[in-house]
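Asks: The following block contains the structure, expressed as structure tokens.
Where a number appears in this text, it was derived from the coordinates with a stated rule and is not lab data. Since the model is a prediction, treat every value here as computed from it, not as a measurement. Positions of Cβ are generated from backbone atoms using ideal geometry, with glycine treated the same way; all protein chains shown enter the neighbour counts.
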Amino acid sequence: MTSHRWFSPSRLAIHATLLLACALYLIPLIVMLLTSFKSPEDIRTGNLLSWPHVITGSGWLTAWDAVGGYFWNSVKITLPAVLISTLLGALNGYVLSMWRFRGSQLFFGLLLFGCFLPFQTVLLPASFTLGKLGLASTTTGLVLIHVVYGLAFTTLFFRNYYCSVPHALVQAARLDGAGFFTIFGRILLPMSVPIIMVCLIWQFTQIWNDFLFGVVFASGDAQPITVALNNLVNTSTGVKQYNVDMAAAMIAGLPTLLVYVVAGKYFLRGLTAGAVKG
Amino acid sequence: MARLELRNVNKRYGSGLPDTLKAIDLAIDSGEFLILVGPSGCGKSTLMNCIAGLEQISGGEILVEGADISAMSPKDRDIAMVFQSYALYPTMSVRDNIAFGLKIRKMPQSAIDEEVARVAKLLQIEHLLARKPSQLSGGQQQRVAMGRALARRPKIYLFDEPLSNLDAKLRVEMRTEIKLMHQRLKTTTVYVTHDQIEAMTLGDKVAVMKDGLIQQFGTPQQIYNDPANLFVASFIGSPPMNFIPARLQRQGGRLMALLDSSQGRCELPLSRDIQGLEAREVVLGIRPEQIVMGGAEGNGLPSIRAQVQVTEPTGPDLLVFVTLNQTKVCCRLAPDVSCCIGDSLALQFDPARVLLFDSASGERLDLAAPACVTQDNVARFTGR
Amino acid sequence: MTTVATRLRRSPLDALQRWLPKLVLAPSMLIILVGFYGYILWTLVLSFTNSSFMPSYKWVGLTQYMKLLENDRWWVASKNLLVFGGLFIGISLLIGVLLAVLLDQRIRREGFIRTVYLYPMALSMIVTGTAWKWLLNPGLGLDKLLRDWGWEGFRFDWLVDPERVVYCLVIAAVWQSSGFVMALFLAGLRGVDPSIIRAAQVDGASLPRIYLRIVLPSLRPVFFSALMILAHIAIKSFDLVAAMTAGGPGYASDLPAMFMYAFTFSRGQMGMGSASAILMLGAILAILVPYLYSELRSKRHD
């Protein structure tokens, strides 16, 4: 490697390219932040990266008034859906890796396909079903939907993870007298922290960021924040308040952004291991 | 401790697939050490899993103390197992690893502490009890795995290639320790290995397996001295037994095997006379240490001169390779023998130690005594 | 010798233990069979009916598919998907690979740079679309920025240009997803045996050549994983279009997912919407089946 020559022209070019890319990735976020703190006056007279004359939080306040309630909807949908789908995925993965039976591999194949399913093909029947269950336009209905359609990925995560755990561990525990749930709870779950992190982060981003299910299955008061944000941004009536748009977008994006910055490295470590292995 | 008996055990994974285990019959007495040995894929690990109950048998019976346990779940069989990978619970300390089975069985805490202390002392791992498995060396993990098995005081211990993940030096040390432990505790043990030295040194009884069949079941001495067929003869012993194709002739009423080197010929009189083998192609089995330097004339042993092709001094021995009947033959000579490549050596054989195999089927032609313990086993070996 | 052995029986609790794995999996099996496959079948049935605002089960054969194929908007959406999908996948792969290789050269502060490349992935397509809609705003966005910075004649109005609006979608989607591709490849690169690189260096190969000829070809599986994930994102893309252009101007930036939503839920053409969903499924299957087939086949050889 060229590790000894830190200042060779080629290394300089590499660093320059990487830093330029950093700037390109960061600019949208910077623009969003800047705009959200500008006054409408500043937005009209300045440009994307001009420093505001007055820094004002009024955009954020207006945005919170508009989408704050839906923010809590998203919390109410996301937390239970993430926890339930992760738990189910862990149990499924446990069975599919450690307690295979005739047909379990076929089931896994069917499930794998579910990861790639275009949700458009299930929207209509799912909305009929939710209607029958009386869950149309409720956050509970969205929790159910997210659990069902998140199951494929959570199961895949845990199944792949448990496949790399030596089967002898389960055999040893069986000889020690442990049963199905004891082995799961006492042996496997304690060693699943990395994949639990991956699964929680993945499901959190997926469900928090979901728009399709939100817009189809929830209207009015049960809307998640993504739908509320889209409604806010794409209303054609009145004067466009770009500072409010950006502030609302930041509010919608902050929870997942925060999760990424805080726990992103666990996610990467686990996810890439799983994805590369297939 | 308990007597273990397998009767006609069969294991089949799918209807179209060949049986993984075929009519396995074995019995060991309480306190005996049984070795299951064979190449990978021979079914020895499957058989062990069947005894443990981790896999269901498709036919036959597994008896412990005369009671058939083959339908019971593993936890009720009162069997402990040491795994090749040790299978220590990674998130538990050594203490919890050893205590896990006892806790599940709802043993009172004071009794658990006592038992853990006993086992830890026995295996000299007292100072490791608070550590996690990942903080242990391979040898230490091995001890903990054994400790976990010992703590339950089960009827039968199973070892699944427990030493194969250790380096060579440690493997020899642990082998001796397992033997010492068994001599002290007199536990009924089934031990799977593919290492023939472990098989010879540890076992009271050895079952050599291949393709799901027991090729031979007997004491290590029987297996070594009186192998039932070519496979067993080649599998046990290092350097392996020499197999020399030869033609039989009857001369002066005695059956002779003809040997030929580039430097001479020799007629090896067979110690046992078997009718109907005249002019047959057979395989002579001679262990390298049973070929000696022909020194003083007149000891009555047949002798042949042959040219040394390669020598391999191993330290305790000198391995000398010559060619007999167009086959490379290894002779294990004393290390102080001086011989160089190209030298002509006089070699002698004890006809009483030469084994005779059928070159087509590989079976022994001169089986002296039943090499197997049970009658039906003998029938199976000789009948084919 | 053959004494009759007493056969020890299994307790009823053990029987339960034996059934537990199946019992635990059963609810998920039901969910998958009904919620995935049953519903696909249901949608398939709907696509053969004249359902409009409400589902009806009057069989009309392939009529909805014929209508779909005669619909100009569907063709625009399909063509857009090809352009959008092709560019989005190609550019994301290119940028992802490039950044991963560059980042693999023992860069100081690698962790920080990686986080910067990856954070867009945490944002929803709705947030991404909202942000880029503002950035690309004709009049106040990039347009104005570059003119303020002295590029007098600069015009950037792709967002309202029916011919070019689809490229705006590509820009936003690449920004959102290319970091993820980078992460995939970086992980792949870390898994390459360094002795291969050292051996090639001993053979006198230059570093770019080593990457092009030896390292990257060994990352075929990563490449396919990334391709699958990106193709999946592209075909399902709905939220990005909704937030950024709402399909406009006119329906110039429509994608099949948007089309399906509009016809099924806004225009009361459930039958045709279902038909379009089935065609989307067909597109995914066309990519997925060969991939899964080779994947499962190679697994069986392990």
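Asks: With the Cα gyration tensor of the protein assembly as shown in hand, convert its eigenvalues to equivalent ellipsoid semi-axes via √(5λ) and list them largest first in whole Å. Walk me through the intermediate numbers first.
Replies: Values: eigenvalues 1013, 225, 155 Å².
Computed over the protein assembly as shown, the values are 71, 34, 28 Å.
Asks: Within a Cβ distance under 12 Å of C:Q269, other residues only, what is the Lys/Arg minus Asp/Glu net charge? Could you put the intermediate results ahead of the total?
Replies: Numbers: positive: C:K67, C:R73, C:R267; negative: none.
Taking every Cβ under 12 Å from that of C:Q269, the sum is +3.
Asks: Mind checking the mean number of beta-carbon atoms from other chains within 10 Å of the Cβ atoms in A:250-256?
Replies: Details: counts 4, 1, 5, 10, 3, 1, 6.
Averaged over the peptide's residues, the number is 4.
Asks: Further question on the same structure: Enter the angle in degrees (range 0 to 90, nearest 10) between the Cα long axis of helix A:58-98 and the first principal axis of the Cα atoms of chain A, meaning the one along which they spread out most.
Replies: 20
Asks: In whole Hz, with x marking every Gly and Pro, tabulate ³J(HN,Hα) for region A:172-180 from phi via Karplus 6.51 cos²θ - 1.76 cosθ + 1.60, θ = phi - 60°.
Replies: 4, 5, 5, 5, 6, x, 7, x, 3
Asks: Evaluate 2.2 N^0.38 Å with N set to the residue count of chain B, then give the Cα radius of gyration divided by it. Display every interim value, and only then the final one.
Replies: On the way: Rg = 24.7 Å, N = 384, 2.2 N^0.38 = 21.1 Å.
Taking the Cα Rg and dividing by 2.2 N^0.38 Å, one obtains 1.17.
Asks: Give me the net charge for the shell around C:A243: Cβ to Cβ below 12 angstrom, other residues only, Lys and Arg +1, Asp and Glu -1. Don't skip to the answer; put the middle values down first.
Replies: Numbers: positive: C:K133; negative: A:D245, C:D239.
Result for the neighbourhood of C:A243: -1.
Asks: Is chain C best put as rounded, prolate or oblate by its Cα gyration tensor, with a ≥ b ≥ c the root eigenvalues, rounded for a/c under 1.5, and otherwise prolate when a/b is larger than b/c, oblate when not? Intermediate values should be presented prior to the final figure.
Replies: On the way: a/c = 2.39, a/b = 1.14, b/c = 2.10.
Cα axes put chain C in the oblate bin.
Asks: Restricting things to alpha carbons, find the Rg to Rh ratio for region B:138-270 using the Kirkwood radius for Rh. Please report the intermediate quantities before stating the final value.
Replies: On the way: Rg = 20.5 Å, Rh = 17.8 Å.
Ratio of gyration radius to Kirkwood radius for region B:138-270: 1.15.
Asks: Please go through region C:128-190 and write out the chymotrypsin sites (Phe, Trp or Tyr not before Pro) that DSSP classes as loop and that have at most 12 other C-beta atoms within 10 Å.
Replies: Numbers: sites: C:W132, C:W134, C:W149, C:W151, C:F154, C:F156, C:W158, C:Y167, C:W175, C:F180, C:F185; in loops: C:W149, C:W151, C:F154, C:F156.
The qualifying sites are C:W149, C:W151.
Asks: According to the Cα gyration tensor, what semi-axes, each the square root of 5 times an eigenvalue, does the equivalent ellipsoid of region B:250-308 have, listed from largest to smallest in whole Å?
Replies: Result for region B:250-308: semi-axes of 22, 14, 12 Å.
Asks: Using Cα centres only, tell me the gap between region A:28-53 and region C:116-193 in whole Å.
Replies: Taking the Cα centre of each part, region A:28-53 and region C:116-193 sit 18 Å apart.
Asks: Given the peptides A:169-181, B:8-20, arrange them by the average over their residues of other C-beta atoms within 10 Å, most packed first. Walk me through the numbers before you get to the answer.
Replies: Numbers: A:169-181: 22.5, B:8-20: 13.2.
Sorting A:169-181, B:8-20 by mean packing, highest first, produces A:169-181, B:8-20.
Asks: List the chymotrypsin sites (Phe, Trp or Tyr not before Pro) within region B:119-211 that DSSP assigns to loop and that have no more than 10 neighbouring Cβ atoms inside 10 Å.
Replies: Details: sites: B:Y157, B:F159, B:Y191; in loops: none.
Answer in residue order: no site qualifies.
Asks: Right, something else. Considering every Cα-Cα pair within chain A, what fraction, in whole percent, is farther apart than 28 Å? Walk me through the numbers before you get to the answer.
Replies: Values: 20202 of 38503 pairs.
Counting pairs separated by more than 28 Å, the tail of P(r) holds 52 percent.
Asks: If you don't mind, another one. Please list, in order along region B:233-247, the HN-Hα scalar couplings obtained from phi with the Karplus expression 6.51 cos²θ - 1.76 cosθ + 1.60 (θ = phi - 60°), rounded to whole Hz, x for Gly and Pro.
Replies: Whole-Hz 3J(HN,Hα) from phi for region B:233-247: 4, 7, 6, 9, x, 8, x, x, 4, 7, 10, 10, x, 8, 10.
Asks: Calculate the FRET efficiency for C:V34 and C:R190 from the Cβ-Cβ distance with a Förster distance of 35 Å, rounded to the nearest 0.05. Numbers along the way, then the final one.
Replies: On the way: r = 41 Å, r/R0 = 1.18.
For C:V34 and C:R190, the calculated efficiency is 0.30.
Asks: Over region A:141-278, what is the relative contact order in percent, taking alpha-carbon pairs closer than 8 angstrom and at least six residues apart? Don't skip to the end; give the middle numbers.
Replies: Working: 59 pairs, mean separation 45.2, N = 138.
In percent, rounded to a whole number, it is 33.
Asks: Another one. Give me the mean projected area, in nm² to one decimal, of the convex hull enclosing the Cα positions of region C:184-241.
Replies: On the way: hull surface 19.2 nm².
Averaged projected area of region C:184-241's Cα convex hull equals 4.8 nm².
Asks: Which lysines, on any chain, are close to C:K79 with Cα under 19 Å apart, when same-chain ones fewer than 8 places away are left out?
Replies: C:K67, C:K236
Asks: Next up: Computed FRET efficiency, Cβ-Cβ of C:Q105 and C:W149, R0 25 Å: what is it to the nearest 0.05?
Replies: Details: r = 32 Å, r/R0 = 1.28.
Approximately 0.20, to the nearest 0.05.
Asks: Could you give each residue of region C:182-192 its phi-based ³J(HN,Hα) in whole Hz, using Karplus coefficients 6.51, -1.76, 1.60 with θ = phi - 60°, and x for Gly or Pro?
Replies: With the stated coefficients, region C:182-192 comes to 4, 4, 4, 5, 4, 4, x, 4, 5, x, 6 Hz.
Asks: At most 15 other Cβ atoms within 10 Å plus a DSSP loop assignment makes a site exposed; report the longest stretch of chain C without any exposed trypsin sites (Lys or Arg not before Pro). Please list the in-between numbers first.
Replies: Numbers: sites that count: C:R9, C:R10, C:K58, C:R106, C:R108, C:R109, C:R155, C:R164, C:R267.
With a cap of 15 other Cβ atoms within 10 Å, the longest stretch comes to C:165-266.
Asks: Beyond 17 Å, how much of the Cα-Cα pair distribution for region A:106-236 remains, as a whole percent? Before the final figure, lay out the partial values.
Replies: Working: 5744 of 8515 pairs.
Roughly 67 percent, once rounded to a whole number.
Asks: Then there is this: Just in region A:1-94: which trypsin sites (Lys or Arg not before Pro) are loop by DSSP and have at most 11 other Cβ atoms within 10 Å? Walk me through the numbers on the way to the answer.
Replies: On the way: sites: A:R5, A:R11, A:K38, A:R44, A:K76; in loops: A:R5, A:K38.
The qualifying sites are A:R5.
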